[in-house]
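What follows draws every value from the coordinates through simple rules; no lab data is involved. Remember, it's a predicted structure, so these values are computed and weren't measured experimentally. All Cβ positions, glycine included, derive from the backbone under ideal geometry; neighbour counts span all protein chains shown.
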């Protein structure tokens, strides 16, 4: 069996008629920056996700950076150590200071209790990450931010289409940042991102900041913005993919349920808990002898990945946080154990079952060798 970890072809092929039609529109109008494709996608994205506004930007880090800039955050920003480094890079790019908190070992999401213990008078924003498509406790973090006098900004770059207790994510904070990196549940064929909000003032300010601080097409920078605009061509693909997102998320959920059932009693495997739901961007488990398991699966043609091998507080780029090895034990241990199994539109139900068979086979064989 040859089963790559990622294969984007099914999504591209399923929507070919739609994105080709959008590209034809783009060529006909020949407006390639902040034209009709981006405007239409922003409108449809906001409606689909239950928010009033969506502002398309160039990258995932820009979505977070612009949210911080619009909020005027230059002090400390608290975020989990277990996430992609782009979360931390965005905070530094906004001129703020990074502070990290540990994760809940059962969910691997930012732990509200640990976050509360690490708040200071200099804290200006709390940045929970909806990791792997699973949702943080937004009720707890909204309360925590309010009590601390801090801004709540959500990193939803892996949570496209997710709702918290049936409500849109923008009901809980004025800024929700998304990524359209190709492998996301809603991905472009290049970089891209967006900030969703319900506030007209936030929407207006973000549009100025993303376009170099210019207003109304004038060649005058009224504020210190950045150059980060969603590309018209990427909007063509996103417009084609967005109507399929609910269906695609349902397919991911079905495959994740097969994994859950087949691996629930597997020795050596610890499943993650998702108390507030998930859109299943990645299927991640904690595994003993992780690298040997990955080698065993690779020998059968099954691709895997690790999201993420090093917690942010131990990366050289973020050494300014002041934390050292051992300070965030749950995140550090998780990074030694987590493995992402294949999950995507290129998988059939039987393919997932075969992956599970190979995982169980590995632990059966290692148990026999030990005994």
Sorted by Cβ density within 10 Å, fewest first, the residues 215, 165: 165, 215
If I fit a long axis through the Cα atoms of helix 290-299 and take the longest principal axis of the Cα atoms of the chain, what angle between them do I get, 0 to 90°, rounded to 10? 80
If one builds a Gaussian network model of the chain from Cα atoms under 10 Å apart, the most fluctuating residue listed among 194, 94, 351 is 351
Using a Gaussian network model on the chain with a 10 Å cutoff between Cα atoms, which of 296, 130, 307 fluctuates the most? 296
What is the helix-to-structure angle for 245-263, meaning the angle in degrees between its Cα long axis and the longest Cα principal axis of the chain, kept from 0 to 90 and rounded to the nearest 10? 20
For the stretch 6-140, radius of gyration divided by Kirkwood radius, i.e. Rg to Rh on alpha-carbons: 1.06
Footprinting proxy, 357, 171: sorted fewest to most Cβ within 10 Å, the residues are 357, 171
By its C-alpha gyration tensor, with a ≥ b ≥ c as the square roots of the eigenvalues, how is the stretch 1-66 shaped: rounded for a/c under 1.5, else prolate for a/b larger than b/c, else oblate? oblate
Based on the Cα gyration tensor of the stretch 245-370, what are the three equivalent ellipsoid semi-axes, each the root of five times an eigenvalue, rounded to whole Å and given largest first? 27, 20, 13
Provide the packing ranking of 226-232, 54-60, i.e. peptides ordered by the mean count of other C-beta atoms within 10 Å per residue, highest first. 54-60, 226-232
Which angle from 0 to 90°, rounded to the nearest 10, does the C-alpha axis of helix 60-71 make with the longest principal axis of the chain? 50
Which order results if 111, 155 are arranged by neighbouring Cβ count within 10 Å, fewest first? 111, 155
Once the Cα gyration tensor of the stretch 56-212 is diagonalised, semi-axes √(5λ) in Å: 21, 18, 15
Please report, in whole Å, how far the alpha carbons of the chain spread along each principal axis, starting with the longest. 74, 54, 36
Listed residues 246, 325, 199; largest mean-square fluctuation, Gaussian network over the chain with Cα springs below 10 Å, found at 325
